[in-house]
1. Can you work out which of the residues in the range 44-92 that are in contact with a Lys or Arg (Cβ under 7 Å, 6 or more places away or on another chain) and within 14 Å of L30 (Cα to Cα) is modelled with the lowest pLDDT?
2. Just checking, how many residues over the range 1-19 are surrounded by 14 or more Cβ atoms within 10 Å (Cβ to Cβ) and over 30 Å from V118 (Cα atoms)?
3. Could you list, ordered by first residue, the pairs with Cβ atoms under 8 Å in which the first is in the range 41-52 and surrounded by fewer than 20 Cβ atoms within 10 Å (Cβ to Cβ) and the second is at pLDDT below 90 and assigned to a loop (DSSP other than H, G, I, E, B), at least 6 apart or interchain?
4. Please go through the range 37-80 and pick out each residue that is part of a strand (DSSP E or B) and of a type outside the set (V, I, T).
5. Just for the range 86-111: of the residues that are in a loop (DSSP other than H, G, I, E, B) and hydrophobic (A, V, I, L, M, F, W, C), which one is nearest to D32 (Cα to Cα)?
6. Out of the range 8-25, which residues are within 10 Å of E99 (Cβ to Cβ) and at pLDDT 85 or above?
7. Would you mind stating whether L27 is in a loop (DSSP other than H, G, I, E, B) and surrounded by 13 or more Cβ atoms within 10 Å (Cβ to Cβ)?
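The values are calculated or read from the model by the stated rules, or taken from the named source; none is laboratory data. Please read these numbers as outputs of a predicted model, since none were measured by experiment. Here the Cβ is made from the backbone with ideal geometry for all residues, glycine too, and neighbour counts use every protein chain on show.
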Amino acid sequence: MRVLVGLALRSIDGPGGAVSLPQFRVLAVLADLGPTRSGRVARALGLDASTVTRLADRLVASGHVERHGEPGHRGVVTLALSPLGRSLVAQVARWRRGELSQIVSSLAPEDRVAATRVLRRFVDAAGQGYGTVIVGLMPL
């Protein structure tokens, strides 16, 4: 687990520490869901809406997220990745894939097969909805 957490932390340090890990989690959810209401982002992350609002404020200020209102619903706020946010998510995904490939390539072929099988069972045991599935971010 330390290796995977370390990999996650190092992956966001690479782009110059542009965002914190909690902020990146918001970006990753938006990459997965597309433009969506901030309340849905909060539910996906298991956070209070006020926490997501503070994270979104910082991401809007840094240019990674765009905030929009919904026509006809003044109280509804929609969040979406900006081009800068999309670029950062893609950059982190590429870096993670490269690092994981390097680590996995150092294993013997039979160990790769065994590791894949165990990790697949681990993910299945956690169950659907345990975390947000971000396609292409942390392939196992």
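1. V77
2. Of the residues in the range 1-19, 3 are surrounded by 14 or more Cβ atoms within 10 Å (Cβ to Cβ) and over 30 Å from V118 (Cα atoms).
3. Here the result reads L45/T132, each pair linking the range 41-52 to a residue that is at pLDDT below 90 and assigned to a loop (DSSP other than H, G, I, E, B).
4. R37, E66, R67, H68, G69, E70, H73, R74, G75, L79, A80
5. First pass over the range 86-111, keeping only residues in a loop (DSSP other than H, G, I, E, B): 106-108.
Remaining after also requiring hydrophobic (A, V, I, L, M, F, W, C): 107-108.
Details: L107: 30, A108: 33 Å.
For the range 86-111, the residue satisfying everything is L107.
6. R10, S11
7. No.
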